[in-house]
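Enquirer: Below is the structure I would like to discuss, written out as structure tokens.
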Amino acid sequence: MAAQKDLWDAIVIGAGIQGCFTAYHLAKHRKRILLLEQFFLPHSRGSSHGQSRIIRKAYLEDFYTWMMHECYQIWAQLEHEAGTQLHRQTGLLLLGMKENQELKTIQANLSRQRVEHQCLSSEELKQRFPNIRLPRGEVGLLDNSGGVIYAYKALRALQDAIRQLGGIVRDGEKVVEINPGLLVTVKTTSRSYQAKSLVITAGPWTNQLLRPLGIELPLQTLRINVCYWREMVPGSYGVSQAFPCFLWLGLCPHHIYGLPTGEYPGLMKVSYHHGNHADPEERDCPTARTDIGDVQILSSFVRDHLPDLKPEPAVIESCMYTNTPDEQFILDRHPKYDNIVIGAGFSGHGFKLAPVVGKILYELSMKLTPSYDLAPFRISRFPSLGKAHL
């Protein structure tokens with residue numbers, strides 16, 4: 001039987017948070033949109049699963065802080081449309097030594113963009129958060145806008161919104177071939193589709209789709225251990241005690257972050273913002289080796305800094321990061337095919353920014369002028385990707 005072909009304004013590959021927000025913006029603008037996902041939804045194979053993510057305006061790079069202003073507005077709009085709470089404001093506490101350059105830059109950035117924040121001395125921190133230990137006399141920077149996004153609920157709300165707006169979501173359909181042209185043909189394990197534009201938001205699988213199109217991006221796929229630690233006194237690190245999300249700078253090569261208890265009763269998420277090289281195809285395989293070096297770092301951190309937690313993880317889950325060398329996103333058109341758009345390399349900090357990322361990818365796919373300066377996100381910033389790759 002001949003393969004069925006449908007014509008779409010846009011096809012989005014990958015129904016993680018970036019793909020969903022891209023499809024959401026396309027559907028909002030009355031485009032005929034198809035969202036394809038290789039796994040059956042919901043799944044835990046990529047980077048968008050789990051219950052919670054940190055949301056914040058505190059960033060080293062001013063362009064992310066600038067983007068976050070609109071992100072908060074779109075998150076609130078989605079929350080209103082869904083009729084369910086997707087966000088909780090807890091504040092985000094950044095901790096580090098007074099001379100930490102990163103902390104100074106973030107504080108200057110927040111001041112410049114008039115984001116409400118507080119600088120807290122070591123003594124003020126001890127009074128306000130007595131269950132944080134500061135062995136080196138760290139100081140704090142509190143981003144009042146910080147908080148928690150309920151990730152699973154947000155993803156579900158987006159997928160529902162896309163369908164309500166007339167978009168089609170097809171899961172369990174893996175893309176096996178992409179043929180570029182004036183119309184892009186996408187072949188899946190089930191059928192063939194044609195679209196005027198294609199958006200690839202495939203996370204760790206991005207390069208598998210791009211190699212046959214003549215390009216390979218400098219993406220590193222990592223498996224992250226997401227760790228939960230038991231409170232000795234239930235609720236002591238909870239939202240009810242006004243405990244914030246936190247980001248600890250300068251202790252290790254990468255940040256340590258934490259969210260107040262909520263996902264699992266009596267358990268606090270504290271994790272290391274890095275992991276180990278991993279093949280996404282082996283992500284859920286029982287034979288995949290779990291490196292516990294980061295868990296040992298975290299155990300020492302919990303013992304020394306969070307004395308009301310037991311210093312052994314109660315639960316360890318996995319998540320995938322897809323990192324670029326500079327940990328900035330890739331938001332660009334394919335260098336050869338201008339109706340193929342790529343969103344990739346979200347480097348473990350893309351969830352909160354997805355409302356604006358999706359808007360940018362929608363604009364690129366419809367050949368509109370982008371709302372933001374895309375210089376930090378261009379493929380051309382990687383000099384090794386010359387014309388030889390095309």
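The values are calculated or read from the model by the stated rules, or taken from the named source; none is laboratory data. For clarity, every value in this text was computed on a predicted model and none was experimentally measured. Quick reminder, even Gly has a Cβ in these numbers, built from the backbone with ideal geometry, and neighbours come from all protein chains shown. Side chains included, ligands, DNA and RNA excluded: accessible areas come from the protein's heavy atoms. Shrake-Rupley method; radii C 1.70, N 1.55, O 1.52, S 1.80 Å.
Enquirer: May I ask you to verify whether Glu102 is at pLDDT 95 or above, charged (D, E, K, R), surrounded by 14 or more Cβ atoms within 10 Å (Cβ to Cβ) and in the same structural domain as His305 (by the TED database)?
Expert: yes
Enquirer: Which of the residues that make up segment 113-146 are among the hydrophobic types (A, V, I, L, M, F, W, C), open to solvent by less than 10 Å² (accessible area, probe 1.4 Å) and farther than 28 Å from Leu86 by Cα?
Expert: Matches in segment 113-146: Leu125 only.
Enquirer: Starting from residues that are out of contact with any Gly (no Cβ under 8 Å at 6 or more places or on another chain) and of a type in the set (A, V, I, L, M, F, W, C), keep the ones in segment 73-92 and report whichever is surrounded by the most Cβ atoms within 10 Å (Cβ to Cβ).
Expert: Across segment 73-92, the extreme among qualifying residues is Leu86.
Enquirer: OK, next. Out of all the residues in segment 143-153, is one or more assigned by the TED database to the domain that holds Cys71, assigned to a helix (DSSP H, G or I) and touching a Phe, Trp or Tyr at 6+ places or on another chain (Cβ under 9 Å)?
Expert: Yes, segment 143-153 contains a residue that is assigned by the TED database to the domain that holds Cys71, assigned to a helix (DSSP H, G or I) and touching a Phe, Trp or Tyr at 6+ places or on another chain (Cβ under 9 Å).
Enquirer: Now, a different point. As an exercise: evaluate Tyr193 against (1) crowded, with 20+ Cβ neighbours inside 10 Å; (2) closer than 30 Å to Pro311 by Cβ and give the number of the one condition it does not meet.
Expert: So Tyr193 meets the others, but not (2).
Enquirer: Take segment 311-356 and flag every residue that is part of a strand (DSSP E or B), assigned by the TED database to the domain that holds Ala10 and open to solvent by 40 Å² or more (accessible area, probe 1.4 Å).
Expert: Arg333
Enquirer: Quick one: is Leu331 closer than 18 Å to Lys28 by Cα and touching a strand residue (DSSP E or B) at 6+ places or on another chain (Cβ under 6 Å)?
Expert: So Leu331 does not fit the description; no.
Enquirer: Out of all the residues in segment 215-257, which are open to solvent by less than 20 Å² (accessible area, probe 1.4 Å) and not in a strand (DSSP E or B)?
Expert: Hits for segment 215-257 are Ile215, Leu217, Tyr237, Phe243, Pro244, Leu249.
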